[in-house]
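Colleague: I have a structure here, written as structure tokens, and I will follow up with some questions on it.
The values are calculated or read from the model by the stated rules, or taken from the named source; none is laboratory data. Nothing here was measured: the structure is a model prediction, and the numbers come from that model. Every residue, glycine as well, gets a Cβ built from its backbone with ideal geometry; the counts of neighbours run over all protein chains shown. Ligands, DNA and RNA are stripped out before the accessible areas are found, and what is left, the full protein with its side chains, is counted by its heavy atoms. Shrake-Rupley method; radii C 1.70, N 1.55, O 1.52, S 1.80 Å.
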Amino acid sequence: MVKRTLFFSIAVLCVSLQFSCYKEDEGNGLHSIYQLDKYNPNKPLAELSSDWVKQTDLMEGFPSGIEFYKTNKSIGSKSSNLSLLIFRPSKGIDLKPIVLTSGKTPSAIYEGEAGEVYAVMNGGFFSGSTSLSLVMHDGVVGSVNVKSLTRPLDGVNKTYYPTRAALGITADFAPSVNWVYSVGSGTGTLYAYPVPSLNELGKAPLPVPTAYFPQGGNIWSVSTAIGGSPMLIKGGEINITDANELIAVDNTSSRARSAIGYLTNGNIVLLAAEGNNPDGAAGLTLQELAEIMLEIGCKGAINLDGGGSSSMVVNGEMTIKPSDAGGERKVISALIVKKK
């Protein structure tokens, strides 16, 4: 009996070592998931509808764990042109957010990046040469989500302190989305909150976020992150908090859009939607973007910079037509997916 018990204990230990799980708590907006299928090479990276067609011609040289799809399905009465990259963050595939001191197009970033690069997509928001969104890679913060905004209230300019959306990945590849704020001077200490600071236009500004406000904040222990705005999906449900994040990006208009999210199995998805082209796809509203990310299977997702900034380059090829008349827009932050 003792031998059988010992054998069973060793077997359980071996299974535990073979498969990984990621521990998440409510403070991070996460929970414990035992990912028994995460490293099964025969398991699809995502359960997609038949509308999505795998682009094998653009996947030449891709390792196991990264795939590219496109669709031209109708959304309501509109045609669409959507590009979708899915990958498993791992010791072999790296998500590398970067921030630049001067703008470059995603195609130029692809060409200039050393190593084996699979794809490049635009990142968060910017003004001139200043990033307005969080950029972090391997624990190094290149920029933070904008810490203050000036908005009118009763004819007087007031300072607001929004908590804006971000997607982060821990050192052991556990993803999450949260409303975040960098507390303190400079890059400060990055805090994540279970709800956004409930600022609204036409109402008095709420206090500067701290370790204690909004309630439930925790230090966000991620090593890689990209910020944007607004939140699209949180906890597997659509939760568009544009009003509280004080973000107006033609929210209800059809336009080119970009988004990043993660699936229940921990895989990361990047979506680029063509738009604003008279002879092409009309684009998406924020609600439509959130609905597509939810349909793909996202448990969490955030909006990135869109319009003329939306661009996705896969294996050196542009996958959507840029909405700017002159072609790709130069951006200040970008997401690079490459061999680690």
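Colleague: Which of Lys104/Lys321; Lys91/Lys338; Lys70/Lys321; Lys70/Lys234 have a Cα-Cα distance over 19 Å? Intermediate values should be presented prior to the final figure.
Modeller: Working: Lys104/Lys321 17 Å; Lys91/Lys338 11 Å; Lys70/Lys321 13 Å; Lys70/Lys234 25 Å.
Violating the 19 Å Cα-Cα cut-off are Lys70/Lys234.
Colleague: Next up: Would you work out what percent of the accessible area of the chain, with all protein chains in place, is carbon or sulfur (probe 1.4 Å)?
Modeller: Details: 8010 of 14990 Å².
Result for the chain: 53 percent of the exposed heavy-atom area is carbon or sulfur.
Colleague: Ok, one more. Quote to one decimal, in nm, the extra length available between Glu237 and Gln287 on full extension: 0.36 nm per residue of separation minus the C-alpha distance between them. Each step should come with its number before you reach the end.
Modeller: Values: separation 50, 0.36 × 50 = 18.00 nm, distance 1.21 nm.
Extra length from Glu237 to Gln287 when fully extended: 16.8 nm.
Colleague: By the gyration tensor of its Cα atoms, with a ≥ b ≥ c the square roots of the eigenvalues, what is the shape of the range 228-339: rounded for a/c under 1.5, prolate for a/b over b/c, or oblate?
Modeller: Working: a/c = 1.74, a/b = 1.22, b/c = 1.42.
Here the range 228-339 falls in the oblate category.
Colleague: How large is the dipole of the range 115-244 about the Cα centre if only Lys and Arg carry +1 and Asp and Glu carry -1, each at its Cβ, rounded to the nearest 20 debye? Before the final figure, lay out each step's value.
Modeller: Numbers: 6 positive and 7 negative charges, 82 e Å.
Magnitude of the dipole: close to 400 debye.
Colleague: Shifting gears a bit: Among Val180, Val144, Val120, determine the one that fluctuates most according to a GNM of the chain built with springs between C-alpha atoms less than 10 Å apart.
Modeller: Checking each option, the largest mean-square fluctuation is seen for Val144.
Colleague: In the set (i) 6, 25, 32, 22, 11, 4, 0; (ii) 5, 16, 15, 14, 12, 10, 9, 7, 5, 3, 2, 1, 0, 0; (iii) 6, 26, 34, 22, 8, 3, 1, 0, 0, which value of P(r) over Cα pairs in 10 Å bins from 0, in percent was calculated from the structure you see?
Modeller: (iii)
Colleague: How much length is gained if the chain between Thr189 and Asp138 is pulled fully straight, taking 0.36 nm per residue apart and subtracting their Cα-Cα distance, in nm to one decimal?
Modeller: Values: separation 51, 0.36 × 51 = 18.36 nm, distance 1.54 nm.
Contour length minus Cα-Cα distance gives 16.8 nm.
Colleague: Right, something else. With unit charges on the beta carbon (Lys/Arg positive, Asp/Glu negative), name the residue among Gly275, Gly139, Ile109 whose Cα is farthest towards the positive pole of the charge dipole of the chain.
Modeller: Gly139
Colleague: Separate question: Taking Cα pairs under 8 Å and at least six residues apart, what relative contact order does the chain come out at, in percent? Don't skip to the end; give the middle numbers.
Modeller: Working: 851 pairs, mean separation 79.5, N = 340.
Taking the mean separation of contacting Cα pairs over the length of the chain, I get 23 percent.
Colleague: Where the centre of each part is set by its Cα atoms, how far does the range 181-251 sit from the range 135-160, in angstrom?
Modeller: Cα centroid of the range 181-251 versus Cα centroid of the range 135-160: 10 Å apart.
Colleague: Follow-up. For the range 102-203, what is the accessible area per residue in Å², given a 1.4 Å probe and the full set of protein chains? Could you put the intermediate results ahead of the total?
Modeller: Details: 4130 Å² over 102 residues.
That works out to 40 Å² per residue.
Colleague: Sticking with this one: How much net charge surrounds Pro205 when only the other residues with a Cβ under 9 Å from the Cβ of Pro205 are counted, with Lys and Arg +1 and Asp and Glu -1? Working shown, then result.
Modeller: Working: positive: Arg151, Lys158, Lys203; negative: none.
Combined, the nearby Lys, Arg, Asp and Glu give +3.
Colleague: If we count every other residue with Cβ under 11 angstrom of Trp179's Cβ, Lys/Arg +1 and Asp/Glu -1, where does the sum land?
Modeller: +1
Colleague: Another question, if that's okay. Under the classification rounded if a/c is under 1.5, otherwise prolate if a/b is larger than b/c and oblate if not, where does the range 172-275 fall, given a ≥ b ≥ c as square roots of the Cα gyration tensor eigenvalues?
Modeller: Numbers: a/c = 1.92, a/b = 1.13, b/c = 1.70.
It is oblate, given that a/c is not under 1.5 and a/b is not larger than b/c.
Colleague: Would you work out if the range 50-116 is rounded, prolate or oblate? Take a ≥ b ≥ c from the square roots of the eigenvalues of the alpha-carbon gyration tensor; rounded if a/c is under 1.5, else prolate when a/b is larger than b/c, oblate otherwise. Numbers along the way, then the final one.
Modeller: Working: a/c = 2.36, a/b = 1.40, b/c = 1.69.
It is oblate, given that a/c is not under 1.5 and a/b is not larger than b/c.
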